[in-house]
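Notes follow once the structure below has been shown.
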Protein chains: 2
Amino acid sequence: MTASTARAERRPSPRKRAGNGAARQHDADEIGLDALVGHAGYAVRRFQIWIFQDFIKTLGDVDIRPTQYSVLTVIGANPGLSQMAVAKRLGIERARLVHLLDSLEQRKLVKRVKSKTDRRSHALHLTAPGETALTKFKRLAAEHERHVEAKIGKENRERLLQILAGFT
Amino acid sequence: MTASTARAERRPSPRKRAGNGAARQHDADEIGLDALVGHAGYAVRRFQIWIFQDFIKTLGDVDIRPTQYSVLTVIGANPGLSQMAVAKRLGIERARLVHLLDSLEQRKLVKRVKSKTDRRSHALHLTAPGETALTKFKRLAAEHERHVEAKIGKENRERLLQILAGFT
DNA sequence: TATTGTTATACTCTATAACTATA
DNA sequence: TATAGTTATAGAGTATAACAATA
């Protein structure tokens, strides 16, 4: 993030250019990325870091991180899902989901209900306060999304969603 | 990854649809993402995971990961950089770069040379075998990039690079 | 035998703070 | 005082393996 924001404020860089040979100083702005420039993965990674940081900051007051938001949203839209189903759908390890749900359950946003049809599994539901909270989270997430739009432009954001639709 | 690949093999899903009420089963394919669909961050994150996994697999034989590749590439293109300069340019914590360089130095790909102008800092250089190795890594990374192109299409990849150029 | 949720371990990565040697 | 590199620690996140209860 630091580097990308710094990059934005490009200036003529009137700094020292004295010939100090092999050990010459580089301005941050003039360090070449070479082959990295042609790699989609590099740009995507930097963008993803920016976007997650904005999400975390925008939902900072309610203390909800991207993964928690995705879990709450999917449970909210599909009440009764098992942990395995949520884990598979979101590409989260089931072992990791256990801890995520422990935290969300402690915060009384989610509840695990023992399934009657398969006593091994839990049916996941939002609590009543969980439903209310998710409504607020969605409002804040939409605000974050407007930051993204402001950053890359409305049309670019839409094009991006189209290009990457296959990965959701 | 699992979910996204599973998503690709969409089928009519002729499975049980019996009315088992609140605890009804969901096929992985029919679990709705709700608000997540409209979030660029979700798609970008899933794509970034796919792309890194392909990179790691494609460069698996030479045991080079994306961050290591980015460090080697930047040092190769800007010999004599300090650790701070590399860290800032790539958005890596300087504490983390120490370990990355320890590993690359042990593998004789990089060397830290004491700067004569500022005895606190190290000038980073590729070793001769490091130069040779990087050439091979770049060839493999280009192969990875062709996988990306095959996955999302040549024009979409180029458009993506345009849209995200500001984040590099 | 296989699956669900759980626990545990290891490794990567991020975020800090503090220390040293220099500047 | 501030900076470059280092060390250390804590918290996410990922990747595995193994276990108990249940299918």
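The values are calculated or read from the model by the stated rules, or taken from the named source; none is laboratory data. Computed from a prediction, not measured in an experiment: that's the story for all the values here. Cβ coordinates were reconstructed from backbone atoms using ideal geometry, including for glycine residues, and neighbour counts include every protein chain displayed. In case anyone asks, the SASA skips ligands and DNA or RNA and just uses the protein heavy atoms, side chains included. Shrake-Rupley method; radii C 1.70, N 1.55, O 1.52, S 1.80 Å.
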Check: Among the numbered criteria (1) out of contact with any His (no Cβ under 8 Å at 6 or more places or on another chain); (2) within 11 Å of chain A (Cβ to nearest Cβ), which single criterion is violated by B:Ser82?
Finding: (1)
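Taking the condition within 13 Å of DNA strand D (Cβ to nearest atom), among the small types (Gly, Ala, Ser) and open to solvent by less than 90 Å² (accessible area, probe 1.4 Å), does A:Gly130 pass? Please lay out each step first, then the result.
Numbers: within 13 Å of DNA strand D (Cβ to nearest atom): no; among the small types (Gly, Ala, Ser): yes; open to solvent by less than 90 Å² (accessible area, probe 1.4 Å): yes.
Spelling it out, it is not the case that A:Gly130 is within 13 Å of DNA strand D (Cβ to nearest atom), among the small types (Gly, Ala, Ser) and open to solvent by less than 90 Å² (accessible area, probe 1.4 Å).
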Item checked: Count of the stretch A:92-113 residues which are near DNA strand C (Cβ under 9 Å from one of its atoms) and either in a loop (DSSP other than H, G, I, E, B) or modelled with pLDDT under 95 (or both) -> 1
Next item on the list: Could you grab me the full set of residues in the stretch A:39-66 that are more than 10 Å from chain B (Cβ to nearest Cβ), under 14 Å from the mean Cα position of the chain (by Cα) and hydrophobic (A, V, I, L, M, F, W, C)?
Entry: A:Ile56, A:Leu59, A:Ile64
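Each row is one residue, and each column tells you yes or no for (1) more than 16 Å from DNA strand D (Cβ to nearest atom); (2) basic (Lys, Arg).
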{"residue": "A:Lys88", "(1), (2)": "no, yes"}
{"residue": "A:Ile92", "(1), (2)": "no, no"}
{"residue": "A:Lys136", "(1), (2)": "yes, yes"}
{"residue": "A:Val148", "(1), (2)": "yes, no"}
{"residue": "A:Lys154", "(1), (2)": "yes, yes"}
{"residue": "A:Leu160", "(1), (2)": "yes, no"}
Next item on the list: Answer yes if at least one residue in the stretch A:38-50 is open to solvent by 30 Å² or more (accessible area, probe 1.4 Å) and either at pLDDT below 95 or of a type in the set (Gly, Ala, Ser) (or both), and no otherwise.
Entry: yes
Next item on the list: Could you give me the residue pairs with C-beta distances under 7 Å whose first residue belongs to the stretch A:44-59 and is within 12 Å of DNA strand C (Cβ to nearest atom) and polar (S, T, N, Q), whose second residue is at pLDDT 95 or above and open to solvent by 20 Å² or more (accessible area, probe 1.4 Å) wherever it lies, and which are 6+ apart or on separate chains?
Entry: A:Gln48/B:Arg45
Item checked: Matching residues, the stretch B:139-168, being within 9 Å of another protein chain (Cβ to nearest Cβ), farther than 19 Å from B:Arg89 by Cα and within 14 Å of the chain's Cα centre (by Cα) -> B:Ala141, B:Ala142, B:His144, B:Glu145, B:Val148
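Hey, does the stretch A:93-114 have a residue that's in contact with a strand residue (DSSP E or B) (Cβ under 8 Å, 6 or more places away or on another chain) and at the interface with chain B (Cβ under 9 Å from one of its Cβ atoms)? So that I can check it myself, show each step before the final result.
Of the stretch A:93-114, the ones in contact with a strand residue (DSSP E or B) (Cβ under 8 Å, 6 or more places away or on another chain) are A:101, A:104-105, A:109-114.
Within this subset, residues satisfying the condition of being at the interface with chain B (Cβ under 9 Å from one of its Cβ atoms) are A:113.
Within the stretch A:93-114 (the criterion being in contact with a strand residue (DSSP E or B) (Cβ under 8 Å, 6 or more places away or on another chain) and at the interface with chain B (Cβ under 9 Å from one of its Cβ atoms)), the answer is yes, since at least one residue qualifies.
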